[in-house]
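First up is the structure itself, then whatever we jot down about it.
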Amino acid sequence: MAEPRFRAPRGTRDILPPESDRRRDLVTRFAEIVGRAGYSEISTPIFEDLGVFLRIGESTDVVTKEMYDFRDKSDPPQHLALRPELTAAICRAFVEHRPTVPWKVWCEGPQFRYEKPQAGRYRQFAQVDLEVIGTDDPHADVEVIAVAQQFYQSLGLVDFRLAINSLGDHESRPGYMAALLNHLEAHRGDLSEQSLATMAKNPLRVLDSKRPEDQKIVASAPVMADHLGGAAAAHFTALCDGLSALGIEYEVSPRLVRGLDYYTRTTFEFASDALEGSQNAIGGGGRYDRLVEDLGGPPTPGIGFALGVDRILLACDAEAVFPADPDRIDVFVVDVTDQTAALAVCAELRRAGIGADRSFGGRSMKAQMKLADRSGARFAAIIGPDEAAAGTVTLRDLRGGDQDRQREIPRDDIVAEMTRILPTTPTTDQPRLS
Ligand code: HAM
């Protein structure tokens, strides 16, 4: 086969069936779980004013190196960016619409970061995201973590860990920053070039450095936990108590600062032990008590998370759970007459909520049976000249579960018969308004 002239851009992928179906199922599962916890779906644009995303922080890679920003064709041109994450966009929407608080919302879709592509790290990747805006009750922190954990577990994942930390509040942060800066200054000569640059913008993010030369300095750095003031410490204790009350295991990770600048107080991350170290974060989040204000809104606390859909599916593969569901088609209609019967029978079955498919192009019986097998359907409904003359359909059990593997039924009984045999599926017919 000739090399294709165009390929999906580096760091992006085509998601084909059945993987595409599995992703849709994953998002549906997420929607069900968070819907039952009182979260409603919102949808924000794929691109925003660049300024929205600059709030993620000028010392973060997301802003300095990875932004897909561009000027559009308006006069004067607007400086826009493809969204690298959803939190800043959702806060922008909050400020614009001022909904009643707490605003419990979720969102899903593609994000864009100009990263170095590798397994589990893409330039276009999908997230499911959840936010609670307008409360700083630590039980909100517990709730979002519990919902994420419930979602992972619902997929069958077990091989993952939760790490939590507090980055302090406006009272405790300055004292800690001074101590941290002192420590980093004392080791200035040994720090990597990159960490020196990061230190000038946000010393906290030096703790996130993975560079070997920084490791010793990071390991001996003062930790926020020793500097938490009364209120921030009480908030963190309430979070820990809440998690314990729900039986959720966690480890306190004093150097968990995460890759975005807007975090205050709670931060957390879920890591899968089934995935390779540097791409093992399957989700993370935290509080952003100043972000809404930074975007021009009233002082409003918030907390949320984003879970990486691509990585979760890799973790599911590694743990051999949440396989693609092949059972979308119940009946494959094989019609070797003029195929009008296939048209009508498929339509009737589909209207009754039964998955039905057929072949096109008037193919031979053998070719149609092959397609029926490949479709994953449990039954073939065969209509040949004899059946057409007798007004019947021959039902063949393709998986051999039915005792009489093949039997003839009246053509008009097919919907009733399939409804009787197949597990219940909801009808897709919409109720009429009048
Ligand atoms: P984040 O840690 O940047 O947080 O991303 C969340 C998750 O998205 C990661 O844990 C990972 O699973 C996935 N992810 C990130 N980058 C990539 C990539 N290049 N390829 C594949 N997957 C990736 C946020 O985005 C915050 N907005 C989370 C949040 C919500 N904080 C508060 N509310």
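The values are calculated or read from the model by the stated rules, or taken from the named source; none is laboratory data. Computed from a predicted structure; not experimentally measured. Every residue, glycine among them, receives a Cβ derived from its backbone with ideal geometry; neighbour counts consider all protein chains shown. Ligands, DNA and RNA are excluded from the accessible area calculation, which covers all protein heavy atoms including side chains. Shrake-Rupley method; radii C 1.70, N 1.55, O 1.52, S 1.80 Å.
General observations
- Qualifying residue in segment 332-351 (condition: farther than 26 Å from T392 by Cβ and open to solvent by 10 Å² or more (accessible area, probe 1.4 Å)): no
The rows are residues; the columns are (1) among the hydroxyl-bearing types (S, T, Y); (2) away from the ligand (no atom under 14 Å from the Cβ); (3) in contact (Cβ under 8 Å) with a residue 24 or more places away in the chain; (4) open to solvent by 40 Å² or more (accessible area, probe 1.4 Å).
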residue	(1), (2), (3), (4)
F70	no, yes, no, yes
H79	no, yes, yes, yes
E85	no, no, yes, no
W103	no, no, yes, yes
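- Of F94, F47, all but one fail to be surrounded by 14 or more Cβ atoms within 10 Å (Cβ to Cβ), aromatic (F, W, Y) and touching a residue at least 60 places away in the same chain (Cβ under 8 Å); the exception is F94.
- Filtered by the rule that a residue be more than 8 Å from the ligand (Cβ to nearest atom), outside any loop (DSSP other than H, G, I, E, B) and either modelled with pLDDT of 95 or more or buried (at least 24 other Cβ atoms within 10 Å of the Cβ) (or both), segment 270-286 gives A271, S272.
- Within segment 352-368, considering residues that are open to solvent by 20 Å² or more (accessible area, probe 1.4 Å) and hydrophobic (A, V, I, L, M, F, W, C), the one nearest to the chain's Cα centre (by Cα): A352
- For segment 118-154, filtered to residues that are in a loop (DSSP other than H, G, I, E, B) and more than 8 Å from the ligand (Cβ to nearest atom), the residue that is surrounded by the fewest Cβ atoms within 10 Å (Cβ to Cβ) is A119.
Every residue, every condition in (1) assigned to a helix (DSSP H, G or I); (2) not small (G, A, S), yes or no:
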| position | (1), (2) |
| --- | --- |
| A315 | yes, no |
| A342 | yes, no |
| E348 | yes, yes |
| F360 | no, yes |
| R363 | no, yes |
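- L371 meets the conditions (1) more than 30 Å from A89 (Cβ to Cβ); (2) open to solvent by 20 Å² or more (accessible area, probe 1.4 Å); (3) not in a helix (DSSP H, G or I) in every case but one. The failed one is (3).
- Count of segment 243-269 residues which are open to solvent by less than 10 Å² (accessible area, probe 1.4 Å) and away from the ligand (no atom under 16 Å from the Cβ): 1
- Applying the set (1) assigned to a strand (DSSP E or B); (2) β-branched (V, I, T); (3) farther than 23 Å from I248 by Cβ to T100 leaves exactly one unmet item: (1).
- If the condition is being at pLDDT 95 or above, assigned to a loop (DSSP other than H, G, I, E, B) and surrounded by 14 or more Cβ atoms within 10 Å (Cβ to Cβ), then segment 1-44 contributes G11, T12, R13, I15, A37, Y39, I42, T44.
- Selected residue (criterion: nearest to the chain's Cα centre (by Cα)) from residues of segment 180-194 that are without any contact (Cβ under 8 Å) to a residue 40 or more places away in the chain and surrounded by 14 or more Cβ atoms within 10 Å (Cβ to Cβ): Q194
- For segment 216-242, a tally of residues being open to solvent by less than 20 Å² (accessible area, probe 1.4 Å), out of contact with any strand residue (DSSP E or B) (no Cβ under 7 Å at 6 or more places or on another chain) and either aliphatic (A, V, I, L, M) or outside any helix (DSSP H, G or I) (or both) returns 3.
- Residues being assigned to a helix (DSSP H, G or I) and open to solvent by 10 Å² or more (accessible area, probe 1.4 Å) - total across segment 156-176: 3
- Check on E115, open to solvent by 10 Å² or more (accessible area, probe 1.4 Å) and within 12 Å of the ligand (Cβ to nearest atom): yes
- Given (1) in contact with a strand residue (DSSP E or B) (Cβ under 7 Å, 6 or more places away or on another chain); (2) in contact (Cβ under 8 Å) with a residue 60 or more places away in the chain, number of the condition Q406 does not satisfy: (2)
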